Amino acid sequence: MTKEEIAQFKKTIANSIIPVVKSMTNAQIKEIITIVEREHKELPEGFGNMLYEQIMMMKHSKN
């Protein structure tokens with residue numbers, strides 16, 4: 001990913017995912033990511049882990 005793509009990815013997480021996951025447990029977030037990965041086989045390997053890490057960092061830094 002380019003720097004611009006990374007910045008857009010983080011902005012998308014912050015604007016669309018963080019408001020939803022603020023009240024969710026870590027287990028609930030992991031389950032949703034697992035479902036998305038299972039339904040979207042075209043996602044690159046490791047995407048779910050990277051997404052989870054980004055969500056956790058942003059979720060806890062926004063509190």
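Length available on full extension from M57 to A7: 0.36 nm per residue minus the Cα-Cα distance, which gives 16.5 nm. Here each label is just a point 7 Å from Cα along the line to Cβ, and for I18 and H40 those points are 2.0 nm apart. Dipole size of the chain about its Cα centre, with +1 on Lys/Arg Cβ and -1 on Asp/Glu Cβ: approximately 340 debye, rounded to the nearest 20. Shape analysis of the chain yields a ratio of the Cα radius of gyration to the Kirkwood radius, Rg/Rh, of 0.96. Cross-link pairs exceeding 19 Å in C-alpha to C-alpha distance, out of K11/K41; K10/K59; K11/K59, comprise K11/K41.
Mean residue ellipticity at 222 nm from the helices of the chain, using -39,500 (n - 2.57) per DSSP H segment of n ≥ 4 over the full residue count, to the nearest 500 deg cm²/dmol?
Roughly -20500 deg cm²/dmol at 222 nm, from the helical runs in the chain.
Among the helices of the chain, none built from whole DSSP H runs has Cα atoms reaching 24 Å or more along its own axis together with a mean Kyte-Doolittle hydropathy of at least -1.0.
None of the figures in this text is laboratory data; all of them are computed from the coordinates on show. Predicted model only: the values in this text are computed from it and were never measured. Don't worry about glycine lacking a Cβ; one is built from the backbone with ideal geometry, like all the others, and counts go over all protein chains shown.
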